[in-house]
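The values are calculated or read from the model by the stated rules, or taken from the named source; none is laboratory data. All values derive from a computational prediction rather than experimental measurement. Here the Cβ positions follow ideal geometry from the backbone for every residue, glycine too, while neighbour counts run over all protein chains shown.
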Amino acid sequence: MPHLFPSDPLWPDDSGAERLVWEALREQLPDDAALFHGVRIQDDADEREIDLLVAWPGFGIAVIEVKGGLITRDGDGWWQADAQGRHRIDPVGQAQRARHALSTYLVGHGSAAGHAQFVHMVALPFVRVPRSWEAIDLPRAMVIDQTDLDSPGAVAAQVEAAIRRHGKGTLRLDVGSLLDLAERVAARLQPHSASIAAAEAHERIMDALTEDQAHYLDLLSRQQRMRVLGAAGSGKTVLALEQARRRAKAGERVALLCYSRGLGRHLQRVTGGWKPAERPAYVGLFHNLAIEWGAPPPPSDDAPLEVRAAYYETDLPEALGRIAADTPTAQRFDSIVVDEAQDFGEIWWPALVQSLRDREHGGLFVFGDDDQTVFARVGDAPITLEPFTLTENLRSTKQIAQTFGALSTWDVHARGRAGLPVRILDVPYDDAVDVADDMVDTLIDEGWDESKIALITTGRRHVEQRNTIDLVGYDEYWDDYFDGTGVFYGHVLNFKGLERSVVVLAINGFQETERARSMLYTGMSRARSLLVLVGPRDQIESIGGEAIKRRLAAAETWVTGGDG
């Protein structure tokens, strides 16, 4: 059996295509070869992924792109048909780019493996490709098909033939070069790095599951007023975006709204990448819509707190209602989509209805989670139909979903796989931020990419957050988050609807104790692969009750300055 990296891969949801080819190679390659799965390469600003990588001493290296489903090729290119429909693909281009990125990386880092014979291949495990078939960019020898999988020894033989006939490079791969390759690639995949790789693979699978949620919108396509409620991580934001896209594509003038700056910037960046005909007419904050339509600007920062609060909570919504009533029909909206709708106060909804072209029958689609009510306001959208509910967590590992689920009124069904245990550091409120800073350094030392880490507070904001906003303003602060420039420092209140692979939740007190449970639930649910809780354990368990106490019994207890 060849050397396997990793020994037990986490398979994508591709009908078993990659697994079939991997298992054939595992059985057929010699003991001195190496077989890698899911090798990810950062190629400047682009990320490449190699489905399967074969390193074979005496021959060379094969980069294999695997495509499941029914694959065809016509004058327009390659096509893939699966449960989601038929769509264009570029398996040859993917394989070529990944091969080039890997060889360039190895050469650039002084590895002799970078000069070995390289070949790229395409594996189509559910397609029988005639032996006489030939493409100008993909000779038949560079294809693995269903016939090869059905024939003993044929998959490894096809890899050998591809390297021999079409490999590019000046050297045959020797054992020393293979060991160097394995060390470098394993460093990208691998304790803590093996866990990190598994976490990344798991997140890709969960992303695909979230995208699959769009079929719910097909079921509800005839509804003009719709309320979708769901637990944290159930894919509500993805559905809100997709609903806005569909309505705009159908020719409607659409507004896509939320309350939080960070989520608003996320919605703007996502929709900015869509085709012009699919983009909503307005994307962003409820408050900014009112100001764009002519509402008075906000009071200065040195105005009394009650004046500033009244402006956002009552003055601005009332102004929007008055302005919208006189706004020409052409400037109003056919449909309004609201994400994180639990943030909207009672007085805001009539103003939104006034912004519709058809105030009685216009589209109003709201997505929310009442368990994430972290602001001192309440309001229900004017929708009489029973809400459509989502109860599956599709964003986090099982451990994370079950932990924050203990704080929820929802019966959360965790679709994620088992991952890393939740970590907890039992420290007083006053020490939580300093200890959380130390934990961030520990995580980076473990190999976590700092751009995948967020440190979120529940009480006073982190000094890094305050300084960054003062220095560059809110727009650049949020663009830095979405561009992944480093560790993100935020607060539960401004991180709603967002997420990172690793969240260090610094529980440094609560401004409003009656909302402490919602703050904990919201903060914990922002993590996808690893959740680190830093704060007084007795207070967390007091707020969450027996359910959270049971969940934290399975957590990994860490102490300041050391491992758990």
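Quickly run through region 492-512 and pick out the residues that are in a strand (DSSP E or B) and either among the basic types (Lys, Arg) or surrounded by fewer than 23 Cβ atoms within 10 Å (Cβ to Cβ) (or both). Selection gives ARG500, SER501.
Condition test on ARG73, is it among the basic types (Lys, Arg), closer than 21 Å to ARG128 by Cα and more than 24 Å from the chain's Cα centre (by Cα)? Steps first, please.
Working: among the basic types (Lys, Arg): yes; closer than 21 Å to ARG128 by Cα: yes; more than 24 Å from the chain's Cα centre (by Cα): yes.
Yes; evaluated as a whole, the condition is true for this residue.
Based on what the data block shows, is PRO9 part of a loop (DSSP other than H, G, I, E, B) and closer than 23 Å to ALA101 by Cα? Answer is yes for this residue. Is region 452-464 home to any residue that is among the aliphatic types (A, V, I, L, M), buried (at least 22 other Cβ atoms within 10 Å of the Cβ), in the same structural domain as MET524 (by TED's automatic domain parsing) and more than 30 Å from ARG40 (Cβ to Cβ)? Looking through region 452-464, none of the residues is among the aliphatic types (A, V, I, L, M), buried (at least 22 other Cβ atoms within 10 Å of the Cβ), in the same structural domain as MET524 (by TED's automatic domain parsing) and more than 30 Å from ARG40 (Cβ to Cβ).
So which residues in region 407-436 are part of a loop (DSSP other than H, G, I, E, B), under 19 Å from SER529 (Cβ atoms) and among the small types (Gly, Ala, Ser)? Let's see the steps before the verdict.
Restricting attention to region 407-436, the residues satisfying the condition of being part of a loop (DSSP other than H, G, I, E, B) are 407-412, 415-422, 427-428.
If we keep only those that are under 19 Å from SER529 (Cβ atoms) as well, we get 412, 415-422.
Residues satisfying the conditions are GLY416, ALA418, GLY419.
Would you be able to tell me the number of residues in region 12-31 that are of a type outside the set (D, E, K, R), under 18 Å from LEU70 (Cβ atoms) and in a helix (DSSP H, G or I)? Count: 3. The set of residues in region 513-564 being among the aliphatic types (A, V, I, L, M), within 26 Å of the chain's Cα centre (by Cα) and assigned to a loop (DSSP other than H, G, I, E, B) consists of ALA554, ALA555. The sole residue among ASP315, ASP380, ASP371 that is assigned to a helix (DSSP H, G or I) and either within 21 Å of ARG247 (Cβ to Cβ) or touching a helix residue (DSSP H, G or I) at 6+ places or on another chain (Cβ under 8 Å) (or both) is ASP371. THR329 falls short of the stated requirement of being of a type in the set (Val, Ile, Thr), at pLDDT below 90 and in the same structural domain as SER234 (by TED's automatic domain parsing).
Looking across region 255-271, just one residue is farther than 24 Å from ARG357 by Cα, under 18 Å from the mean Cα position of the chain (by Cα) and of a type in the set (Gly, Ala, Ser), and that is GLY262. Note on region 42-68: residues that are surrounded by fewer than 24 Cβ atoms within 10 Å (Cβ to Cβ) and in contact with a Ser or Thr (Cβ under 9 Å, 6 or more places away or on another chain) total 3.
Residues GLY459, GLY416: which one is in contact with a Ser or Thr (Cβ under 6 Å, 6 or more places away or on another chain) and of a type in the set (Gly, Ala, Ser)?
Values: GLY459 fails: in contact with a Ser or Thr (Cβ under 6 Å, 6 or more places away or on another chain).
Being in contact with a Ser or Thr (Cβ under 6 Å, 6 or more places away or on another chain) and of a type in the set (Gly, Ala, Ser) holds for just one of GLY459, GLY416, which is GLY416.
If you check ASP150, ASP90, ASP145, which single one turns out to be of a type in the set (Asp, Glu), over 14 Å from PRO57 (Cα atoms) and either surrounded by 22 or more Cβ atoms within 10 Å (Cβ to Cβ) or not assigned by TED's automatic domain parsing to the domain that holds ARG40 (or both)?
The match here is ASP145.
The residue pairs whose first member lies in region 339-359 and is more than 13 Å from TYR259 (Cβ to Cβ), whose second member is of a type in the set (Val, Ile, Thr) and buried (at least 21 other Cβ atoms within 10 Å of the Cβ), and whose beta carbons are closer than 8 Å, counting only pairs six or more residues apart or on different chains, are SER355/ILE336; LEU356/ILE336. Go through region 464-488 and report how many residues are closer than 19 Å to GLY264 by Cβ and out of contact with any Phe, Trp or Tyr (no Cβ under 8 Å at 6 or more places or on another chain). Residues meeting the conditions: 11. For region 192-235, the tally of residues that are part of a loop (DSSP other than H, G, I, E, B), modelled with pLDDT under 80 and surrounded by fewer than 18 Cβ atoms within 10 Å (Cβ to Cβ) stands at 3.
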